[in-house]
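What follows draws every value from the coordinates through simple rules; no lab data is involved. Quick caveat: nothing in here was measured; it's all calculated off a predicted structure. Backbone-built Cβ (ideal geometry, glycine too); neighbour counts: all protein chains shown.
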Amino acid sequence: MFSLRTCSTDGCAHWALHQRDVCRKHLEDPQDYDQETAAMLSGSEVISELNLSSLVLKDLDLSGKRIERCILSQTDLRGVDFSGSRIRLVYLDFSVLVNCCFRNVKLYNAVFAGSSIENCNFSGSDILRCNFCGIQCRETLFNESDLYASRFIASNLNRVGFKDCNLKQVRFEHAQISEADFSYSNTEDAFFENKAYKM
Amino acid sequence: MRFFSYFSVLHFSNCYLIGPDGPGDAVLIDAGIFDEGLLRLIEDNGLYVRWVLITHLHHGHIQGLQTLLKIYDAGIHAFDAESLEAPVQPISESKPPVCGPYSFQVLETPGHSNDSLCFLCDGMLFTGDTLSAGSVGHTPTGYGRALLLSSIRKKILSLKEDVLIFPGHGPPTRLAIERRFNPYLQEKL
């Protein structure tokens with residue numbers, strides 16, 4: 001279950017952060033909080049049920065972790081290595097991801113919607129039923145990945161690699177796609193047209 | 001409180017399970033298909049399905065009910081109490097379900113079907129086929145589409161941006177995402 005507590009500041013409707021009674025906006029020591037949280041994440045094999053919204057992480061090794069039911073919305077992640085991790089039901093929406101490595105990850109029900117994703121590598125991964133709607137994505141690789149039932153609706157994809165991917169039930173409607181490589185992928189099983197989808 | 005999502009490959013539909021931290025009575029939202037995987041999820045976590053909330057009576061969301069009722073003595077809650085063979089307790093906005101310690105607000109959202117409901121619980125909104133990531137439910141007519149969009153605008157878009165959305169099909173999303181990127185919600189009525 002998501003650990004959602006409202007910020008203790010009067011009139012604030014945002015959720016309180018993990019191990020704090022306030023949200024990011026009302027945190028007195030945001031940089032200390034980021035450092036403390038980075039150390040906690042590095043030392044944990046399983047990261048679950050945390051609200052870490054607006055966290056700033058740089059050059060951190062989170063490879064091989066199990067990350068479940070976490071809110072990491074509006075985070076700023078640069079040079080973070082998630083390779084080989086299992087990430088399930090995690091919200092990374094409206095975040096900035098630059099030079100992050102998601103190689104050989106198992107992503108299930110993860111939400112990246114509205115994020116800016118640049119120079120990231122998701123190659124060789126299982127990316128099942130993930131939400132990439134509205135992402136601004138450039139110079140990023142999804143090559144040799146299983147993207148089953150993921151959604152890239154209304155996204156902007158520039159110089160993105162989808163080479164040799166499983167695109168079964170993947171939805172790209174209303175996406176702006178330029179210089180993307182879909183070679184060896186089953187594009188016939190994906191949805192590209194701007195029309196309603198029958199549920 | 002624990003929360004699980006389960007995906008049925010047969011109808012590409014989701015169902016959701018909410019239960020206590022330890023063993024005990026749980027709520028199942030939709031019963032797409034009651035297969036071995038869902039049974040294992042319930043039993044391995046020491047849960048007993050005591051209440052079932054139905055978002056709407058389309059096949060992909062209720063097919064598992066008969067099997068479920070052979071295993072669990074569960075109360076079925078839906079808007080349309082007449083159309084199912086099983087005993088159903090009718091629910092609506094003015095008559096929300098009573099599910100032990102779990103409190104659900106009911107939103108009536110006709111459009112995809114006349115009996116469509118959404119359930120709001122603890123910052124999580126279960127939307128059935130009304131709204132999904134980047135899309136809305138299928139409607140056979142223009143009137144149905146207008147009704148659906150009107151329901152979404154009046155009942156869902158008025159909620160807090162932080163609300164997490166768990167649809168009947170596809171990946172999870174959040175209200176702030178749908179407001180900004182869902183192409184169907186940019187349409188003018």
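About its Cα centre, the stretch A:48-189 has a charge dipole of approximately 340 debye under the convention of +1 per Lys or Arg Cβ and -1 per Asp or Glu Cβ, with nothing else charged. Phi-derived couplings, Karplus 6.51 cos²θ - 1.76 cosθ + 1.60 at θ = phi - 60°, listed residue by residue for the stretch A:79-93: x, 8, 9, 9, 4, x, 7, 10, 10, 10, 6, 10, 9, 10, 6 Hz, with x used for Gly and Pro.
Summing Lys and Arg as +1 and Asp and Glu as -1 over all other residues whose Cβ lies under 12 Å from the Cβ of residue A:184 gives a net charge of -2.
Counting Cβ atoms of other protein chains within 10 Å of each residue's Cβ and taking the mean over peptide B:176-185 gives 5. Annotation: amide H-H contacts under 5 Å for residue B:2 (H modelled 1.01 Å from N, sequence separation of 5 or more, or interchain): B:19, B:21. Using a 10 Å cut-off on Cβ to Cβ distances, tally the other chain neighbours for every residue of A:111-117 and report the average as a whole number. If you average over the peptide's residues, the count of other-chain Cβ atoms is 4. About its Cα centre, the stretch B:21-138 has a charge dipole of approximately 60 debye under the convention of +1 per Lys or Arg Cβ and -1 per Asp or Glu Cβ, with nothing else charged. Relative protection proxy for B:175-181, B:95-101, B:133-139, from highest mean packing down: B:133-139, B:175-181, B:95-101 (other beta-carbon atoms within 10 angstrom). For residue A:54, nonlocal amide neighbours, meaning residues 5 or more places apart or on other chains whose placed amide H falls under 5 Å from its own, are A:73, A:74, A:75. Please report the antiparallel percentage of the DSSP beta bridges confined to chain B, to the nearest 5. In chain B, DSSP labels about 60 percent of beta bridges as antiparallel. Backbone phi angles across the stretch B:60-65, fed through the Karplus curve with coefficients 6.51, -1.76 and 1.60 (θ = phi - 60°), yield HN-Hα couplings of x, 10, 10, 4, x, 4 Hz in residue order; Gly and Pro are listed as x. Between the stretch B:145-189 and the stretch A:87-149, what is the separation of their alpha carbon centroids in Å? Cα centroid of the stretch B:145-189 versus Cα centroid of the stretch A:87-149: 22 Å apart. Here's the picture: charge each Lys and Arg Cβ at +1 and each Asp and Glu Cβ at -1 in the stretch A:1-139, and of A:26, A:77, A:137 the one pushed furthest to the positive end of that dipole is A:137. Taking a sphere under 9 Å around the Cβ of residue A:54 and counting the other residues whose Cβ falls inside, with K and R at +1 and D and E at -1, yields a net charge of +1. For the segment A:151-158, counting C-beta atoms of other chains within 10 Å of every residue's C-beta and taking the mean gives 3.
Between the Cα long axis of helix B:142-151 and the first principal axis of chain B there is an angle of about 70°, rounded to the nearest 10.
In terms of its alpha-carbon gyration tensor, the stretch B:91-141 comes out oblate; a/c meets the 1.5 threshold, while b/c is at least as large as a/b.
Over all directions, the projected convex hull of the C-alpha atoms in the stretch A:133-191 averages 3.1 nm² in area. Note down the net charge around residue B:181, summing +1 for each Lys or Arg and -1 for each Asp or Glu among other residues with Cβ under 11 Å from its Cβ. For residues surrounding residue B:181, the net value is +2. Each Cα pair of the protein assembly as shown feeds into the Kirkwood radius, which the Stokes-Einstein equation turns, at 37 °C and 0.692 mPa s, into a diffusion coefficient of 153 µm²/s.
Placing +1 on each Lys and Arg Cβ and -1 on each Asp and Glu Cβ, with no other charges, gives the protein assembly as shown a dipole about its Cα centre of roughly 640 debye. Computed with the Debye formula from one identical point scatterer per Cα of chain B, without solvent, the log10 of I(q)/I(0) at q = 0.08, 0.13 Å⁻¹ comes to -0.23, -0.62.
State the answer as a single residue: which of B:46, B:88, B:67 lies farthest towards the positive end of the charge dipole of the stretch B:2-186, with beta carbon charges of +1 for Lys and Arg and -1 for Asp and Glu, about the Cα centre. My answer, from the dipole projection, is B:88.
Sorting A:26, A:18, B:59 from the fewest to the most surrounding beta carbons within 10 angstrom yields B:59, A:26, A:18. Simple rule: put +1 on each Lys or Arg Cβ and -1 on each Asp or Glu Cβ in chain A, find the dipole, and look at A:11, A:112, A:191; the Cα lying farthest toward the positive end is A:191. Of all DSSP bridge pairs formed entirely within the protein assembly as shown, close to 30 percent run antiparallel.
Taking the longest Cα principal axis of chain A as reference, the axis of helix A:30-42 is set at about 70 degrees. Exposure proxy ranking for A:80, B:106, based on other Cβ atoms within 10 angstrom of each Cβ and starting from the fewest, stands as B:106, A:80. Here chain A yields Rg over Rh of 1.00, to two decimals, using C-alpha coordinates and the Kirkwood radius.
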